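As structure tokens, the structure follows; a few thoughts come after it.
The values are calculated or read from the model by the stated rules, or taken from the named source; none is laboratory data. Computed from a prediction, not measured in an experiment: that's the story for all the values here. Cβ placement follows ideal geometry from the backbone for every residue including glycine, while neighbour counts extend to all protein chains displayed. These accessible areas exclude ligands, DNA and RNA; they are computed on the full protein's heavy atoms, side chains included. Shrake-Rupley method; radii C 1.70, N 1.55, O 1.52, S 1.80 Å.
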Amino acid sequence: MAIVRALRVPLRLRPRFSSLSSIAGSISTLVIGEHEGGAVKAPTLSAVEAAKYLGEGNSVSVLLAGTGSSLQDAAEHAASCHPSISQVIVADSDHFVHHLAEPWARLVQLVQQREGYSHIVTVSNSFGKNVLPRAAALLDVSPITDVVSISGPNQFVRPIYAGNALSTVRYTGNSPCLLSVRSTSFPEPTVAADFRAEKAPISQDSIRKSRYVKLTSQETERPDLGNAKVVVTGGRALKSAENFKMIEKLAEKLGAAVGATRAAVDAGFVPNDLQVGQTGKIVAPELYLAFGVSGAIQHVAGMRDSKVIVAVNKDSDAPIFKVADYGLVGDLFEVIPELLEKLPEK
Amino acid sequence: MKIMVAVKRVIDYAVKIRVKADKSGVETQNVKMSMNPFCEIALEEALRIKEAGLASEVVAVTMGPKQSIDTLRTGLAMGADRGIHVEATGDLFPLAVAKLFKALVEIEKPGLIILGKQAIDNDCNQTGQMVAGLLGWPQGTFASKVVLDKEKQEVMVDREVDGGLETVCLNLPAVITTDLRLNQPRYATLPNIMKAKSKPVKKYTPEELNVATKSDLEVVEVTEPPKRKAGVLVSSVDELIDKLKNEAHVI
């Protein structure tokens with residue numbers, strides 16, 4: 001049986017925003033949040049930031065689930081990490097330790113049925129992609145996923161065809177409007193906030209049809225690919241996992257994250273979570289350096305919003321040069337050592 | 001056990017798409033169409049499960065206009081036993097597709113449903129999750145490995161997630177969506193293409209399945225993304241470093 005515990009924190013009664021509704025009815029948003037090590041994760045703040053664009057007077061509640069003291073700490077952190085957050089809802093149960101989609105979608109449905117938000121927002125990372133559509137089906141609404149621009153409470157822009165076209169979509173259904181946003185399109189700020197804690201309803205019909213077994217991941221000191229300021233990516237031209245270490249050395253020199261093309265991951269040079277592309281990670285760093293990357297449509301989809309793109313490739317006809325700001329036709333096995341030698345110390 | 005596999009007809013992945021001048025959509029006339037690559041992977045996985053003796057039948061399902069039958073025939077040529085074509089004109093959004101799927105599941109009663117994780121045209125990555133939600137079945141999305149245990153009526157799925165590879169264990173019946181590295185799909189051989197012509201295809205309309213396809217979503221316009229300023233070629237590492245430092249100010 002699930003246990004529900006309310007947080008013991010003082011209630012602040014002054015609402016952050018005016019309670020008078022604006023435009024077509026009042027807007028209220030539930031952000032499906034993630035936390036780790038007692039703090040709200042950065043992607044959640046992108047979702048909160050995105051919620052601002054839905055309309056004036058939008059009161060944002062953050063839903064956190066998990067168990068134990070790290071959940072409590074995360075809820076307190078959520079309370080003070082963004083000015084738009086006026087409420088934190090906490091679901092404390094074993095069901096949520098591993099963030100499976102089935103209990104999460106059911107939780108979202110229950111919270112929505114109780115609170116009646118106009119919008120439910122998450123970020124389109126692997127958690128959001130897994131949970132949001134299932135929750136939408138339970139609520140019988142169409143979700144709008146991977147949104148890059150919000151122009152009001154029910155009009156959104158999302159990329160299609162690997163980002164080679166943009167689709168402007170209008171939601172014409174009833175509340176709630178469910179959307180997931182690209183964190184690269186809504187970078188998070190950092191400030192303080194008011195806060196009210198609420199406990200969430202936990203379904204008694206525990207969903208036990210799926211269970212978590214394990215997570216296999218690589219330990220790394222490199223910054224997170226999703227929000228690094230600099231990314232160094234290698235393609236299949238690196239030829240081996242051993243050679244890929246050159247990419248890592250360059251990344252270390254630049255304080256960058258390491259990325260890879262599908263071909264490099266398929267060939268086993270690096271694990272899957274480094275893949276940048278249409279179906280991998282979408283990144284938008286200040287500087288993206290691509291070594292031995294041909295520039296296939298599907299890879300470009302994942303990095304085309306980078307501020308500055310540098311490409312190094314032996315083949316002057318490689319499509320990557322069409323999207324690069326600076327291109328160097330050359331052998332990466334010569335260029336990378338030269339860069340390592342000549343780049344200024346960080 | 002029966003496996004149902006969703007297959008979608010999309011613009012071929014290698015085609016450079018063009019946005020229509022009137023912004024109503026992407027040009028599809030006289031453009032090469034193919035089975036969505038993730039759907040090929042889904043079908044391949046179903047066929048392998050059947051070939052391992054763990055399933056009795058693979059049913060390929062497609063939804064869309066008349067021409068979708070081509071994709072279904074490709075699926076039959078790859079080795080699916082039967083096809084189902086839900087014929088519908090106009091935009092079919094994932095919620096409608098999921099509801100149509102649910103209606104078919106009530107007729108066919110499969111033990112496993114496999115879909116591609118996303119279609120490369122609208123890149124939604126929603127349908128599998130929605131089918132699972134409507135059916136109340138567990139979901140294993142972005143699968144890079146699937147291992148069925150017939151006796152325990154369970155399936156272990158390795159999922160490609162942001163942090164690496166997550167393994168989950170699902171009770172059957174379940175919904176799985178496929179990621180790129182799950183398998184390498186087979187080509188349809190000529191004898192199989194010939195055989196496919198006589199495999200049965202059942203047609204339905206959304207009305208026959210009692211599903212309303214009117215959507216709560218409307219496409220307002222389709223536009224090109226902002227163009228990047230043209231880049232320059234540099235001739236040396238020195239020049240590159242200089243430009244990055246003094247022109248772009250990123251190092």
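Averaged over the residues of B:226-232, the number of partner chain Cβ atoms lying within 10 Å of the residue Cβ comes to 5.
Percent of Cα pairs in segment A:122-185 per distance bin of 5 Å, from zero to the largest separation: 4, 19, 28, 27, 18, 4, 0. Inverting the pair-averaged 1/r between distinct Cα atoms of chain B gives 19.9 Å as its Kirkwood hydrodynamic radius. Using R0 = 60 Å, the C-beta based FRET efficiency linking A:E286 and A:L110 works out to 0.90. Annotation: amide H of B:V161 within the under-5 Å range of B:E166, sequence separation 5 or more or interchain, hydrogens built in the peptide plane. Grab the other residues whose beta carbon is less than 10 angstrom from that of A:K214, score K and R as +1, D and E as -1, and report the net. Within the 10 Å Cβ shell, the charges total -2.
Averaged over its residues, how many other protein chain Cβ atoms are within 10 Å of peptide A:271-277's Cβ atoms? Show your work: numbers first, answer last.
Numbers: counts 4, 12, 6, 1, 4, 0, 1.
For this peptide, the per-residue mean of nearby foreign Cβ atoms is 4.
Working from Cα pairs under 8 Å separated by at least six residues, relative contact order for segment A:204-346 is 21 percent. Highest average first, the peptides A:58-69, A:277-288 ordered by how many other beta carbon atoms sit within 10 Å of their residues are A:277-288, A:58-69. For chain A, modelled as a GNM with alpha-carbon contacts under 10 angstrom, which of A:A165, A:A78, A:A264 fluctuates the most? The residue that fluctuates most here is A:A165.
Note on A:D94 and A:S80: the extension gain reaches 2.5 nm, defined as 0.36 nm multiplied by sequence separation minus the Cα-Cα distance. With the highest mean first, a sort of the peptides B:231-243, B:17-29, B:94-106 on other beta-carbon atoms found within 10 angstrom per residue produces B:94-106, B:231-243, B:17-29.
Round to the nearest 0.05 the FRET efficiency obtained for B:E57 and A:F333 when R0 = 56 Å and r is the Cβ-Cβ distance. Display every interim value, and only then the final one.
On the way: r = 52 Å, r/R0 = 0.93.
So the FRET efficiency works out to roughly 0.60.
Given segment B:1-106 reduced to its alpha-carbon atoms as identical point scatterers, what log10 I(q)/I(0) does the Debye formula return at q = 0.14, 0.17 Å⁻¹? These q points yield log10 I(q)/I(0) values of -0.59, -0.82. Relative to the globular-protein estimate of 2.2 N^0.38 Å, the Cα radius of gyration of chain A stands at 1.07.
With the charge dipole of chain B set up from +1 on Lys and Arg Cβ and -1 on Asp and Glu Cβ about the Cα centre, the Cα lying farthest toward the positive end among the listed residues B:Q184, B:L217, B:V157 is that of B:Q184.
Sparse packing (at most 16 other Cβ atoms within 10 Å of the Cβ) combined with a DSSP loop state is found for the following GluC sites (Glu not before Pro) in segment A:43-103: A:E56. Karplus-derived 3J(HN,Hα) values for segment A:53-59, using 6.51 cos²θ - 1.76 cosθ + 1.60 with θ = phi - 60°, are 6, 6, x, 5, x, 7, 8 Hz; glycine and proline are entered as x. Suppose R0 equals 56 Å. What FRET efficiency, 1/(1 + (r/R0)^6) with r the Cβ-Cβ distance, do A:L340 and B:E207 give to the nearest 0.05? Using R0 = 56 Å, I get an efficiency of 0.30. With K and R counted +1 and D and E -1, the other residues having a Cβ less than 10 Å from that of B:K23 yield a net charge of -2.
Over segment A:66-169, what per residue volume does the convex hull of the Cα atoms give, in whole Å³?
Values: hull volume 13.1 nm³, N = 104.
Taking the convex hull of the Cα positions in segment A:66-169, it is 126 Å³ per residue.
With the whole protein complex present, B:H249 retains an accessible surface near 130 Å², based on a 1.4 Å probe.
For a quick protection proxy, order the peptides B:202-210, B:46-54 by their average other-Cβ count within 10 Å, most packed first.
Working: B:202-210: 13.7, B:46-54: 17.2.
Ranking, from highest mean packing down: B:46-54, B:202-210.
Normalising the average separation of contacting C-alpha pairs (under 8 angstrom, six or more residues apart) by the number of residues puts the relative contact order of chain B at 23 percent. Against the criterion of solvent-accessible heavy-atom surface with a 1.4 angstrom probe, A:S316, B:S68 sort, most first, into A:S316, B:S68. Along its first, second and third principal axes, ordered by size, the protein assembly as shown spans 72, 67, 52 Å in Cα coordinates. With a 10 Å cut-off around each Cβ of A:155-166, the average count of Cβ atoms from other chains is 6. Taking the accessible area of chain A, probe 1.4 Å, and keeping the other protein chains in place, the carbon and sulfur fraction comes to 48%.
Report relative contact order for segment B:87-156 in percent, whole number only (criteria: Cα-Cα under 8 Å, sequence separation at least 6).
On the way: 46 pairs, mean separation 18.3, N = 70.
Once divided by the residue count of segment B:87-156, the mean separation gives 26 percent.
Summing charges over all other residues whose Cβ lies under 10 Å from the Cβ of B:E166, with Lys and Arg as +1 and Asp and Glu as -1, gives -1. For the protein assembly as shown, the mean residue ellipticity at 222 nm estimated from helices alone is -7500 deg cm²/dmol, where every DSSP H run of n ≥ 4 contributes -39500 (n - 2.57) and the total is divided by all residues, rounded to the nearest 500.
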